[in-house]
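Trainee: One structure, as structure tokens, below. Some questions next.
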Amino acid sequence: MQGAEPQAARLLVLDSVQAAEAATILGARRVVPVHCDSWAHFTESRADIVAAFTAAGLADRLQLG
């Protein structure tokens, strides 16, 4: 397909900072991180998510179960 973006170039996951930016852009009132503690191949932890959202002034929007 001419002009189509290669599939490998598409972002499939967000890191903690990107998730905080997305929450801001989308005006999310609540954010529920998934797989932050359950998949060993991810390099960021729950603490990283909390730190990124706190730095962005969005800690109150996180719902951690």
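Trainee: Anything in the range 23-62 that is at pLDDT 95 or above and polar (S, T, N, Q)? List them, or say none.
Mentor: Thr24, Thr54
Trainee: Among the residues of the range 12-63, count how many are outside any helix (DSSP H, G or I) and loosely packed, with under 12 Cβ neighbours inside 10 Å.
Mentor: 15
The values are calculated or read from the model by the stated rules, or taken from the named source; none is laboratory data. Quick caveat, the model's predicted, so the values are computed rather than measured. We place every Cβ from the backbone using ideal geometry, glycine too, and count neighbours over all the protein chains shown.
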